[in-house]
Amino acid sequence: MNSYKLYKLICKNADLQEKRHPLIDKNRFMKFLMVFYWLYFAAILLFMGVVMAIGMKNSYNGVAAFHVFDGGMLYLLIIDFWLRFGLQETPAQRAQPYALLPVRRSFLMHTYLIRSGLAWGNLYWWFLLVPFGLITITVPLGWVAFFGWLLGWWLLCIANGFFYLFCRALILKHLAWTLLPAAIHGALLAIMLVPDKNPLDMPSTLLMYSFLKWDFLPFLCVGILILLLYKANFTLQMGMVHAEIGKKEDKEIKHATQFNFLNRYGKLGEYLKLEVKQRMRNKTVKMSFYVGIGFMVMFSVIMYFTDIYDNLDFMRSFICLYNYIVLGMMTLITIMCYEGNYIDGLMSRRESILQLLTAKYYFNVLLLLIPPIILLPLMIIGKMSVWMNVGYFFFTAGVIYPAFFQMAVYNNNTLPMNTKITSKQGNTTQQIFSTVIFFLPLGLERAATALLGEPWGYILLAVLGLAGIATHRLWLRNVYQRFMARRYKNMEGFRASRNS
Amino acid sequence: MEIIINNLRKTFGEKVAVDIPDLTIHSGELLGLVGNNGAGKSTLFRLILDLIKADTGAVYMKDPAQPPLKGESERVINVAETEAWKDWTGAFVDESFLIDYLTPDEYFQFIARLTDTSDEQLQEFLAQFQHFMADELTGQKKLIRTLSAGNKQKVGIMAAMLLRPQVLILDEPFNFLDPSSQNAIKHMLQKYNEETGATILVSSHNLQHTVDISSRIVLLENGKVIQDIDNREHQAQAILENYFEINE
């Protein structure tokens, strides 16, 4: 078999691996949702492209719309980078099945890296770029300029993709490497947001303009950047293949903390210990916690040090609510999915699921003590009201969490806890649910504060929350009973998606 | 503890995984379940443990703790309708029974606390298994997921026996174990059966071990019971060797 045929075969296998994922293969509704989700966001991007083109064309006299757009190039690339988590696996993770086949590992690595570079995902932003460019570039500068501009964006996305793969591989080695992209992007955001005028606006604009003019030098520079990142990935990932194939977590854990103070709570205490240890000892679970905290701190810092949200009540409310629900959202939307790994053991104990759900609820309510600490500086300087925090604290614990817990009845896809960081985290239904659950409370808060005024609107949210907290035993038992009614279907799903 | 299987049928698409019209496993029996791959052994265990749904029929256990209903001599419960049987049933089918981010000590302690076993009782229990564990399980800071397949198997089997169940179900307990551990398991199961009168169900591809320990052997083929052999005098050996064509 020649190299090209082998390349095609490996690519075909990779496509089949995605297509035949147990969650998608036998689930028509899931297939429909996947297509719907894909088209939905494509439509949003198309719409945004048109709206931005028209808006910028009319609003920025004297400055071409595409210059204004290109000035924000780095924002788009930062968003693109973080969206890749959960959508793209590292090549090393896919090499294992070929370990004993007569395929050179270097060839395998080149195949996966080239496939990553040429992936359709790198063109997804074109849904935004094409309508924008068609309206703002083709008319004044022609089609050649338009294609140069698109090509430039595509190359930047490829480079961004390789940077992501590089970071991702490092993060697989150790979670602390998450700080690398976080620090780089944090620094870029600070440079762009803190000064009155974004100093990176002009360089971004010039770079994109030179693509548009088909200048040779920027293409060469981005090409060299891609090659360097490709080489760095190749070297790093080759080392990772050995680690992935011979993966064995052989070392002892440093601290086997027993949390004996929880013994007084009997069986519930045992499940609480399980919750804590699940978060401490599994990379994926730990990672979602850190990412949640990271986003909370990031939003709060931006709000503290800049005035961009000062006159936007909606954004203040958004950031406050986000801080309260993000930790719960990251783990409770996929509630029971980690437990899918040992569901048979849990199901062979009487009412263990009820105890587990109760422990999960208490644990997540305890986590709600973190947001007020992070938001305290904002409350002190008066950028966020104490009442808003009180309202969202109780509303999250008593209304939003019960809504999240409903997912325990329906979730039936096992998620890996420790092997594939943030890959295939949650399915489309879970993502749609998280979107709905996020924006409904915001609407309610807007309506409540508009009708009743600032403190009373939040007091209403708090009262609703307190009612949910007071009745938690009732609704938890209801969730448990409905889970048990669906147990066969769920267990089948957990088994089918385990180790996939 | 008696287990009654009545008109039990489970199919996966066209494939019949289990089709047992009537089978009673009597209290105190040590039943060996044998059959080729795909015969339905693990599926039958999962049905007994209510981990999958039967197409038709049911599995019943007699509940000694409850007074009989009017007109009945004993209280019989359907495992799919109540969780009471979980209090007296221990099982290990595969790794999905293990919480692998705990150390073996933590896992045993977790199971012990759920089953109201005191720390002293747990230590006594573990002491009996000291030789079996070969100093590789307790007192270590290794998580279960880092253990070898054999050691994971040991943890699962011990955890299943920890609550001193009246019904013990083990799927392929001899897998992954070294010869001395396999022997140790055999003796432990026989001893436990004799001491407690528990009903024990064991599936295995190891005919010798199965014949050695079982008082009764059920041979499955395509989900059906094709032989139900009284093995108190080890008379199943020849029948099984003939069926599996071992000596040809």
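Laboratory data are not the source of any read-out in this text; all were calculated from the coordinates shown. Only a predicted model underlies this, so the values are computations on that prediction, with no experimental measurement involved. Backbone-built Cβ (ideal geometry, glycine too); neighbour counts: all protein chains shown.
Let's test the formula: R0 of 30 Å, r as the Cβ-Cβ distance of residue B:228 and residue A:481. What FRET efficiency results, to the nearest 0.05? Efficiency, from the Cβ-Cβ distance: 0.20. Computed on chain B, with alpha-carbon pairs under 8 angstrom and 6+ residues apart, the relative contact order is 27 percent. Fully extending the segment from residue A:219 to residue A:15 would add 70.4 nm, taking 0.36 nm per residue of separation and subtracting the current Cα-Cα distance. Sequentially through the stretch A:224-239, phi angles give Karplus couplings (6.51, -1.76, 1.60; θ = phi - 60°) of 5, 4, 4, 4, 5, 5, 4, 5, 4, 5, 4, 5, 5, 5, 4, x Hz, Gly and Pro residues having no value and appearing as x. 3J(HN,Hα) couplings calculated from phi for the stretch A:123-135 with the Karplus curve 6.51 cos²θ - 1.76 cosθ + 1.60 (θ = phi - 60°) are, in sequence order, 9, 4, 5, 4, 4, 8, 6, 4, x, 4, x, 4, 6 Hz; Gly and Pro show x. Amide H to amide H distances under 5 Å link residue B:227 with B:219, where only residues 5 or more positions off or on other chains count and H is placed in the peptide plane. Summed over all non-identical Cα pairs, the Kirkwood treatment of chain B gives a radius of 18.8 Å. In plain terms, chain B is cut at each of the trypsin sites (Lys or Arg not before Pro) found in a DSSP loop with at most 14 other Cβ atoms within 10 Å, and the longest leftover piece is B:142-231. Most tightly packed first, judged by the mean number of other beta-carbon atoms within 10 Å of their residues, the peptides A:7-13, A:147-153 read A:147-153, A:7-13. Exposure proxy shown here: for B:74, A:339, B:14, the number of other Cβ atoms within 10 Å sets the order, fewest to most, as B:14, B:74, A:339.
Which entries in A:283/A:360; B:41/B:154; A:19/B:86; A:277/B:154 show an alpha-carbon gap greater than 29 Å? Pairs exceeding the cut-off: A:19/B:86.
Work through the residues other than residue A:350 whose Cβ is under 12 Å from its Cβ and net out their charges, Lys, Arg +1 and Asp, Glu -1. Result for the neighbourhood of residue A:350: -2. By the count of neighbouring beta-carbon atoms within 10 Å, fewest first, B:26, A:110 end up ordered B:26, A:110. Simple point charges give the picture: +1 on the Cβ of Lys and Arg, -1 on the Cβ of Asp and Glu, and for chain A a dipole about the Cα centre of about 2140 debye.
As a rough guide to protection, the peptides A:191-202, A:159-170 ranked by mean Cβ packing within 10 Å, highest first, stand as A:159-170, A:191-202. What fraction, in whole percent, of alpha-carbon pairs in the stretch B:89-164 exceed 19 Å separation? For the stretch B:89-164, the share of Cα pairs beyond 19 Å comes to 25 percent.
About its Cα centre, the dipole of the stretch A:3-245 is roughly 940 debye, where the only charges are +1 on Lys and Arg Cβ and -1 on Asp and Glu Cβ. Based on C-alpha pairs under 8 angstrom that are at least 6 apart in sequence, chain A has a relative contact order of 17 percent.
The alpha-carbon positions of the protein assembly as shown define a convex hull whose volume is 196 Å³ per residue.
Amide H contacts of residue B:30 (H built 1.01 Å from N, in plane; Pro and chain starts excluded): B:200, B:215, B:216 sit under 5 Å, all sequence-distant by 5 or more or on other chains.
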